[in-house]
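Scroll down for the structure; my scribbles are underneath it.
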Amino acid sequence: PTVTAVPENSNGGVNAAEASDGSIIQVAIPADAKAGDVLTLTIGSGPSTQTVTYTVLAGDVGSTANVPVDAPALATLPEGSIPVTATLTDATGNTSAASAPFNFTLDRAAPSARCSCAARCRARRASW
């Protein structure tokens, strides 16, 4: 399997609002996979690593699976670049090698407030 995308990452990262209702990770499933194989995503690294499993459907084989990742799993991950790898396990327990990591950005912090030029002008006028 190959992790191909985190659609919400396309706008510069998964933000707080997007993370609060979960996200989708897209994974290319090889043509020799079978419906019922178990796809395992390893998300993050270190102590906050999350594991998400997904049962491959017939329509996923040779195509792309949209794997849901729930909000509680995302909430445990730190801010910044998050690696995701994938493995497939067949019915007899054989597990593929892990895919190359795909990185997405998790950015739940709100930007700092800026003082606008108009606000500075109003403050200046008030002091005249």
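Filter segment 78-93 for residues that are free of Cβ contacts under 8 Å to residues at least 60 places away in the same chain, within 20 Å of ALA65 (Cα to Cα) and either outside any strand (DSSP E or B) or open to solvent by less than 30 Å² (accessible area, probe 1.4 Å) (or both) and give the result. So that I can check it myself, show each step before the final result.
Here is the first cut: in segment 78-93, the ones free of Cβ contacts under 8 Å to residues at least 60 places away in the same chain are 78-83, 89-93.
Now narrow it down to the ones that are within 20 Å of ALA65 (Cα to Cα): 82-83, 89-91.
Those that are free of Cβ contacts under 8 Å to residues at least 60 places away in the same chain, within 20 Å of ALA65 (Cα to Cα) and either outside any strand (DSSP E or B) or open to solvent by less than 30 Å² (accessible area, probe 1.4 Å) (or both): ILE82, ASP90, ALA91.
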Mind listing just one residue for me: the one in segment 15-47 that is open to solvent by 50 Å² or more (accessible area, probe 1.4 Å) and among the charged types (D, E, K, R) and, of those, farthest from ASP60 (Cα to Cα)? ASP21
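Kindly indicate which of VAL52, VAL14, VAL27, VAL38 is free of Cβ contacts under 8 Å to residues at least 40 places away in the same chain and touching a strand residue (DSSP E or B) at 6+ places or on another chain (Cβ under 8 Å). Don't jump to the end; show me each part of the working.
Values: VAL14 fails: free of Cβ contacts under 8 Å to residues at least 40 places away in the same chain; VAL27 fails: free of Cβ contacts under 8 Å to residues at least 40 places away in the same chain; VAL38 fails: free of Cβ contacts under 8 Å to residues at least 40 places away in the same chain.
Only one candidate qualifies: VAL52.
Tell me which residues, restricted to segment 63-77, are assigned to a strand (DSSP E or B) and open to solvent by less than 70 Å² (accessible area, probe 1.4 Å). Before the answer, list the steps.
So the first thing to find is which residues in segment 63-77 are assigned to a strand (DSSP E or B), and the list is 64-69.
Within segment 63-77, THR64, ALA65, VAL67, VAL69 meet the criteria.
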Just to be sure I understand, how many residues within segment 61-89 are over 16 Å from VAL27 (Cβ atoms) and over 11 Å from the mean Cα position of the chain (by Cα)? 6
Every residue in segment 94-107 that is farther than 17 Å from THR49 by Cα and outside any strand (DSSP E or B), please. ASN94, SER96, ALA97
For GLY13, all conditions in the list (1) small (Gly, Ala, Ser); (2) at positive phi; (3) at pLDDT below 95; (4) touching a Leu at 6+ places or on another chain (Cβ under 6 Å) hold save one; what is the number of the exception? (4)
Could you say which residue among VAL38, VAL6, VAL52, VAL27 is under 16 Å from ALA100 (Cβ atoms) and touching an Asp or Glu at 6+ places or on another chain (Cβ under 9 Å)? VAL27
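The values are calculated or read from the model by the stated rules, or taken from the named source; none is laboratory data. Since the structure is predicted, the reported quantities are computational estimates derived from the model, not experimental observations. Positions of Cβ are generated from backbone atoms using ideal geometry, with glycine treated the same way; all protein chains shown enter the neighbour counts. Just the protein is used for accessible areas: all its heavy atoms, side chains included, with ligands, DNA and RNA removed. Shrake-Rupley method; radii C 1.70, N 1.55, O 1.52, S 1.80 Å.
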